[in-house]
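Undergrad: Okay, here's the structure, questions in a sec.
The values are calculated or read from the model by the stated rules, or taken from the named source; none is laboratory data. None of these values were measured; they are calculated from a predicted model. Glycine also receives a Cβ, built like all others from the backbone with ideal geometry; neighbour counts cover every protein chain displayed.
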Amino acid sequence: MKRIRRRWVILAAAVVAVLAVGGIGWRSDILQTLLDPHQPYQTYKPPPAPDYAKREAWALLPAEPVNWSYADPPADVFFIHPTTYPGGRNWNGRIDHPGAEKTLNRVMLPNYAGPFLRVGRVFAPRYRQASLYTFLTLRDDAKDARRFAYRDVKAAFDQFVTRFNGGRPIIIAGVEQGGALAARLAQDVEADPALRKRLVAVYAMRTMTLATTHQPDAPLPACQKRDQSGCIVAFMPVPLGEDVRARRTLDRGLIWGPAGDLEPLGKRAVLCVNPLTGGTGEAVAPVESNLGAANATGLEWGARPGFLPREVSAQCMEGLLRVSDPHSPSLRPSGGWLERRMAPAVNVFYADIEADARARTQAHIHSPDYVAVSPPIGNAIVVQDAPIHRIN
């Protein structure tokens, strides 16, 4: 009897071990299934639309968005945040989702909008972002969710331009999902000559966009040097040495094509502007050129992080930015499965993006086509006639 029990115990332990090993291998598939809304997008009812005339529709908005002075930074930055909503019940997250909002304020804004704080006034809309699940599948439903998110971003940008910007120089920036939306928004800006003249640069960070769309003779060329304005900085980083991951990134890539819709990348070339050099050259930018990486997670908005210079090297290869592992443990990937599929909670190019945006803003301001605008007039003082009394 004891021998039979011992066999059952051994068998049960073996089954548990097999399930545990299988669980590790199947975890990705299991979690993806849990994030799937299990509803066709055609029958899906999205969350209520934001009203960009109201402050609560903006994650970042200056205290006086309509009024500015010469004491303010010289440009306005329209920043599109990356994915912070994992998914599950919705294809698109509502703008006040508690978990998504916490990740946005604690991780994404300090690390990725922070580099632009000393360059311009930062405007960051909340929008009904496509869930993380939509980036883990090539289904048409996922594409519909991403197209839907662009409608909110475009509505926010129109409000930004018509009500807040006042003719000032414009920087468009975004990361991952936000970077792809920034690249899409750049296509609309290219088609508007008045906006095109005010554009300092577009930053499509951690994003793939077509190299053929932005040739030097195109309306919005790829940035080739730091003192160039009216161009696009785009890069998709992949850890150095991870060739399988690089190939998978290219094979599964979806980009906003020239017609303004999501398309498979196919065999088309990807744009890579090295944030350490500000250009498209394929030479290795050594660690000495890295001005400063930062872990700004948890910092209050406006707080300046401590910089760790000389942390990574970077090289554009086949359209992807191959980045070496950072030296500091505080800059290495952390978190669970979900966190590792969102934008990292560190920015190894923090100081480099800040310096790049500053240089391009100065180049724009000193270009012969730059048209300066004056601050809006504040409260007017009404001068009335007053009687003059003669004193004898």
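Undergrad: Among the residues of the range 25-47, is any among the small types (Gly, Ala, Ser), free of Cβ contacts under 8 Å to residues at least 60 places away in the same chain and not assigned by TED's automatic domain parsing to the domain that holds Glu176?
TA: yes
Undergrad: Run down Gly292, Gly302 and say which single residue is closer than 28 Å to Lys102 by Cα and at pLDDT below 95.
TA: Just a single option satisfies the conditions, and that option is Gly302.
Undergrad: Another question about this same structure. From the list Leu181, Leu195, which residue is in a helix (DSSP H, G or I) and under 14 Å from the mean Cα position of the chain (by Cα)?
TA: Leu181
Okay, residues lined up against (1) in contact with a His (Cβ under 9 Å, 6 or more places away or on another chain); (2) more than 24 Å from Tyr70 (Cβ to Cβ); (3) part of a loop (DSSP other than H, G, I, E, B); (4) not polar (S, T, N, Q):
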residue: Arg94; (1), (2), (3), (4): no, yes, yes, yes
residue: Val107; (1), (2), (3), (4): no, yes, no, yes
residue: Tyr112; (1), (2), (3), (4): yes, yes, no, yes
residue: Pro115; (1), (2), (3), (4): no, no, no, yes
residue: Val122; (1), (2), (3), (4): no, no, no, yes
residue: Tyr127; (1), (2), (3), (4): yes, yes, yes, yes
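Residues checked against (1) β-branched (Val, Ile, Thr); (2) in the same structural domain as Pro169 (by TED's automatic domain parsing); (3) surrounded by fewer than 22 Cβ atoms within 10 Å (Cβ to Cβ):
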position	(1), (2), (3)
Val233	yes, yes, no
Pro239	no, yes, yes
Lys267	no, yes, yes
Leu271	no, yes, no
Leu291	no, no, yes
Gly302	no, no, yes
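Undergrad: Another question, if that's okay. Taking the condition of being under 18 Å from Gly178 (Cα atoms), modelled with pLDDT of 90 or more and either of a type in the set (D, E, K, R) or more than 18 Å from the chain's Cα centre (by Cα) (or both), how many residues in the range 251-263 meet it?
TA: So the answer is 1.
Undergrad: Out of Phe164, Phe157, I need the residue that is more than 20 Å from Val233 (Cβ to Cβ), modelled with pLDDT of 95 or more and either within 13 Å of the chain's Cα centre (by Cα) or among the aromatic types (Phe, Trp, Tyr) (or both). Which one?
TA: On inspection, the qualifying residue turns out to be Phe164.
To keep it simple, each residue is scored yes or no on (1) within 28 Å of Leu132 (Cβ to Cβ); (2) surrounded by fewer than 21 Cβ atoms within 10 Å (Cβ to Cβ); (3) touching a residue at least 40 places away in the same chain (Cβ under 8 Å).
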position: Gly257; (1), (2), (3): yes, yes, yes
position: Leu262; (1), (2), (3): yes, yes, yes
position: Val284; (1), (2), (3): no, yes, no
position: Glu311; (1), (2), (3): yes, no, no
position: Met342; (1), (2), (3): yes, no, yes
position: Arg358; (1), (2), (3): no, yes, yes
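Undergrad: Which of (1) at pLDDT 90 or above; (2) more than 19 Å from the chain's Cα centre (by Cα) does Asp217 not meet, given it meets every other one?
TA: Here Asp217 clears every test but (1).
Undergrad: Here's another thing I want to ask about it. Which is touching a residue at least 24 places away in the same chain (Cβ under 8 Å) and surrounded by fewer than 23 Cβ atoms within 10 Å (Cβ to Cβ), of Gln187, Gln177?
TA: Only one candidate passes the filter, namely Gln187.
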